[in-house]
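Encoded as structure tokens, the structure appears first; notes follow it.
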Amino acid sequence: MSIVPKPYVKELRPKCIPSKERKIGETQGLGHSAQGFILPCCWMDTPPMQRDKKQEIFYQEKFKISNVDDIKKDILESKEWVEFYLMLQQAPNKAPDVCFKMCGEGKEFGKGIDKYGEE
Ligand code: SF4
């Protein structure tokens, strides 16, 4: 038996994507930042200095609400947003840390703290 602790692994179960397994109240709706951006959820609203680079896609000037005519077409159906939701489902290891912090599920194998600093 190895004395090296097994890595802490969380499974990503995005609350922003509807699922039959989720009960009412367990889903997460769109968020809105004070800077004028729509976000996949309120947890994505992070001050610029604390933001993961993977979150920056939502803060592009072209996605600022005041810069678009049609929120659905110009933001929610944009290539970046569609690819983000596909990534959450098909390549969740590429998701921003906040996604694992807020929507990660699983048991820890080592002791105590996971790689995101949470118990
Ligand atoms: S934290 Fe990430 S996975 Fe969770 S609801 Fe927000 S965007 Fe979706």
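Going residue by residue through segment 75-82, is there one that turns out to be of a type in the set (Phe, Trp, Tyr), surrounded by 15 or more Cβ atoms within 10 Å (Cβ to Cβ) and either free of Cβ contacts under 8 Å to residues at least 40 places away in the same chain or more than 15 Å from residue 16 (Cβ to Cβ) (or both)? No, that holds for no residue.
For segment 34-47, taking the residues that are under 20 Å from residue 86 (Cα atoms) and in contact (Cβ under 8 Å) with a residue 40 or more places away in the chain, the one that is surrounded by the most Cβ atoms within 10 Å (Cβ to Cβ) is identified as 44.
Residues in segment 50-79 that are among the acidic types (Asp, Glu) and touching a Pro at 6+ places or on another chain (Cβ under 7 Å): 52 alone. Remark: pairs (first residue in segment 21-33, in contact (Cβ under 8 Å) with a residue 12 or more places away in the chain; second residue among the acidic types (Asp, Glu) and within 14 Å of the ligand (Cβ to nearest atom); Cβ separation under 7 Å; 6+ apart in sequence or on different chains) = 31/45; 33/45. Scanning segment 52-99 for residues that are among the charged types (D, E, K, R), assigned to a loop (DSSP other than H, G, I, E, B) and more than 13 Å from the ligand (Cβ to nearest atom) turns up 69, 70, 77. Here segment 19-30 is the region considered, the condition is being more than 8 Å from the ligand (Cβ to nearest atom) and closer than 19 Å to residue 75 by Cβ, and the residue that is surrounded by the fewest Cβ atoms within 10 Å (Cβ to Cβ) is 29.
Once segment 84-100 is narrowed to residues that are free of Cβ contacts under 8 Å to residues at least 24 places away in the same chain and under 14 Å from residue 16 (Cα atoms), the residue that is farthest from the chain's Cα centre (by Cα) is 86. Hey, does segment 34-47 have a residue that's away from the ligand (no atom under 13 Å from the Cβ), under 16 Å from the mean Cα position of the chain (by Cα) and at pLDDT below 90? Scanning segment 34-47, I find at least one residue that is away from the ligand (no atom under 13 Å from the Cβ), under 16 Å from the mean Cα position of the chain (by Cα) and at pLDDT below 90, so the answer is yes.
The values are calculated or read from the model by the stated rules, or taken from the named source; none is laboratory data. Just so it is clear, the model here is predicted, and its values are computed rather than measured. Cβ atoms come from the backbone with ideal geometry, glycine included; neighbour counts cover every protein chain shown.
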